[in-house]
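The values are calculated or read from the model by the stated rules, or taken from the named source; none is laboratory data. These numbers were taken from a predicted model, which means no experiment stands behind them. When we count neighbours, we look across all protein chains shown, and the Cβ atoms used for this are built from the backbone with ideal geometry, even at glycine.
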Amino acid sequence: MSLLRHLGRRHLAWPVAAFLGLGCILPVLLLVVFSGFEVDEDAFQMVPALSGRAWGEFLRNPAYGFLIGKAVTYGVSTAGLSALLGYPLALAVARLPASWKGIALIVLLTPLYTGEIVRVYAWRVMLGTEGLVNAVLLGLGLVDRPVQALLFTPFATHLVLLYNTLPFMVLAIWVSAERVDRRLIEAARDLGARPLQAFARVTLPLTTPGLAAGAVAVFALAAGDLTTPSLLGGTSGATAMAMIDNLFGTAFDWPLACVIAIALLAALLLSAALLTAAVLALGGAARPGRRA
């Protein structure tokens, strides 16, 4: 009977796997096919061809590689900052009484109740020369004039990316923290482990899967964000996503856009794999029961 139930679950998984496969693999295959097309500028249409023009242009222009590296940098830095801020917050929420956890979840998800455009423009108002942050700084006498460097800078971009993605990191770690058996921590303390040792040998390894999942989610969201850098980065707001959007739209150079998209996807997948391996190794290096 258990075998039948197992087979039933496997059969139910096939439609989902097929849907995900088509949704992930088919678009990538189309990008590869279109990357070899040519653009007929007179007829304003793409022409099927086995051309390497777009690939050659991508390899010759270092700006495209710079933008891809910039996307990876945004993703890694945002994931690192969100882990530092989100980890203690997730552990604190996991230790709340059950009656308070629902309230904590609502508060945590509050930033996601509005659209990304609304959040970005709200931050533009707060960080502007006449915004709340400058008003507070002027009111406290910390500055003599409004600070210009708060808006349209990499700082503003990182700040809002962190604000937008932090809930995903906290939720992922929270789920793992909820599954940690408190008796293991108490046993470590009874055996003479200090609080920091108990954390490093018990809590951290057991919550590493959630930390890795949160890091990958935040990395993907931050690296692929188009709106935040464009609206808050100023002259530094150029991104690979913005370049792809421009090439697909205004410039009508789909082959080059496909090449950049393929390169960006490959860079993000490789970076996400390395990031996951690094986080999981962090937990594996402090396995419970391992001698010092």
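Does Thr235 satisfy the condition of being polar (S, T, N, Q), surrounded by 14 or more Cβ atoms within 10 Å (Cβ to Cβ) and either part of a helix (DSSP H, G or I) or not assigned by TED's automatic domain parsing to the domain that holds Lys70 (or both)?
On the way: polar (S, T, N, Q): yes; surrounded by 14 or more Cβ atoms within 10 Å (Cβ to Cβ): no; either part of a helix (DSSP H, G or I) or not assigned by TED's automatic domain parsing to the domain that holds Lys70 (or both): yes.
Answer is no for this residue.
Scan the stretch 202-214 and report the pairs whose first residue is surrounded by fewer than 21 Cβ atoms within 10 Å (Cβ to Cβ) and whose second residue is hydroxyl-bearing (Ser, Thr, Tyr), with Cβ atoms within less than 7 Å and a gap of 6+ or a chain change.
Leu206/Ser176; Pro209/Ser176
Counting just the residues of the stretch 81-94 that are in contact (Cβ under 8 Å) with a residue 12 or more places away in the chain and not aliphatic (A, V, I, L, M), which one comes out nearest to Thr203 (Cα to Cα)? Even if it seems obvious, please write down each step before you answer.
In the first step, residues of the stretch 81-94 are kept if they are in contact (Cβ under 8 Å) with a residue 12 or more places away in the chain; the result is 81-83, 85-87, 89-91, 93-94.
The next check asks that each one be not aliphatic (A, V, I, L, M); those that pass are 82, 86-87.
Details: Ser82: 18, Gly86: 15, Tyr87: 11 Å.
Ranking the qualifying residues of the stretch 81-94, first place goes to Tyr87.
Which one of these is among the charged types (D, E, K, R) and free of Cβ contacts under 8 Å to residues at least 60 places away in the same chain: Asp225, Asp245?
Asp245 is the lone residue from the list that is among the charged types (D, E, K, R) and free of Cβ contacts under 8 Å to residues at least 60 places away in the same chain.
Give the residues of the stretch 106-122 that are touching a residue at least 40 places away in the same chain (Cβ under 8 Å) and not basic (Lys, Arg), sorted by residue number.
Filtering the stretch 106-122 down to residues touching a residue at least 40 places away in the same chain (Cβ under 8 Å) leaves 108-109, 111-112, 116-117, 119-121.
Those that are touching a residue at least 40 places away in the same chain (Cβ under 8 Å) and not basic (Lys, Arg): Leu108, Leu109, Pro111, Leu112, Glu116, Ile117, Val120, Tyr121.
Taking Leu256, is it over 23 Å from the mean Cα position of the chain (by Cα), in contact (Cβ under 8 Å) with a residue 24 or more places away in the chain and surrounded by 21 or more Cβ atoms within 10 Å (Cβ to Cβ)? Working first, answer last.
Working: over 23 Å from the mean Cα position of the chain (by Cα): yes; in contact (Cβ under 8 Å) with a residue 24 or more places away in the chain: yes; surrounded by 21 or more Cβ atoms within 10 Å (Cβ to Cβ): yes.
Answer is yes for this residue.
Cβ contacts < 6 Å: first residue of a type in the set (D, E, K, R), restricted to the stretch 135-151; second residue surrounded by 12 or more Cβ atoms within 10 Å (Cβ to Cβ), any location; separation 6+ or different chain. Result?
Listed by first residue and then by second, the contacts come to nothing, as the list is empty.
Go through the stretch 44-93 and give me each residue that's assigned to a helix (DSSP H, G or I) and of a type in the set (S, T, N, Q). Spell out the reasoning first.
Going residue by residue through the stretch 44-93, those that are assigned to a helix (DSSP H, G or I) are 53-60, 62-93.
Of everything in the stretch 44-93, those that are assigned to a helix (DSSP H, G or I) and of a type in the set (S, T, N, Q) turn out to be Thr73, Ser77, Thr78, Ser82.
Starting from the stretch 162-181, take each residue that is among the charged types (D, E, K, R) and list its partners that are modelled with pLDDT under 95, counting only C-beta distances under 8 angstrom and pairs at least six apart or across chains.
Partner pairs satisfying both residue conditions: Glu178/Ala94; Arg179/Leu206.
If I filter the stretch 150-158 for residues that are out of contact with any His (no Cβ under 9 Å at 6 or more places or on another chain), surrounded by 19 or more Cβ atoms within 10 Å (Cβ to Cβ), of a type in the set (Gly, Ala, Ser) and in a helix (DSSP H, G or I), do I get at least one hit?
Start the filter on the stretch 150-158 by keeping residues that are out of contact with any His (no Cβ under 9 Å at 6 or more places or on another chain), which leaves 150-158.
Next, from what is left, pick out any that are surrounded by 19 or more Cβ atoms within 10 Å (Cβ to Cβ): 150-152, 156-158.
Filter once more, so that each one left must be of a type in the set (Gly, Ala, Ser): 156.
Okay, now just the ones that are also in a helix (DSSP H, G or I), so 156.
Yes, the stretch 150-158 contains a residue that is out of contact with any His (no Cβ under 9 Å at 6 or more places or on another chain), surrounded by 19 or more Cβ atoms within 10 Å (Cβ to Cβ), of a type in the set (Gly, Ala, Ser) and in a helix (DSSP H, G or I).
Does Leu137 satisfy the condition of being outside any helix (DSSP H, G or I), more than 30 Å from Ala94 (Cα to Cα) and aliphatic (A, V, I, L, M)? Even if it seems obvious, please write down each step before you answer.
Details: outside any helix (DSSP H, G or I): no; more than 30 Å from Ala94 (Cα to Cα): yes; aliphatic (A, V, I, L, M): yes.
No, not satisfied.
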